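As structure tokens, the structure follows; a few thoughts come after it.
Laboratory data are not the source of any read-out in this text; all were calculated from the coordinates shown. Fair warning: this is a prediction, and the values are worked out from it, not measured in the lab. Virtual Cβ from ideal backbone geometry, glycine too; neighbours counted across all protein chains shown.
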């Protein structure tokens, strides 16, 4: 009986936070333009938030006027003034 009470207390005190960031039911794969919390959530190693833009996303460096950023599906992704590829919205997935 005592061990059952201890188990219940432990379960009630366990962390129950929601999964951070993202949306959708498919798990993120750390690809470009997936939502992220930090660089460890991205294959590129770059997680960037944008002022007035989407939530932080996995991105890559770019040079304005240089080579184009990879498309997001069929959508063209511009190189913003901070020299990162800035998608209009993050990919639909859950971290």
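A few notes on this one:
- Highest to lowest packing among 29-36, 70-77, scored as the average C-beta count within 10 Å: 29-36, 70-77
- Largest-first principal axis extents, alpha carbons of region 19-95, Å: 37, 24, 24
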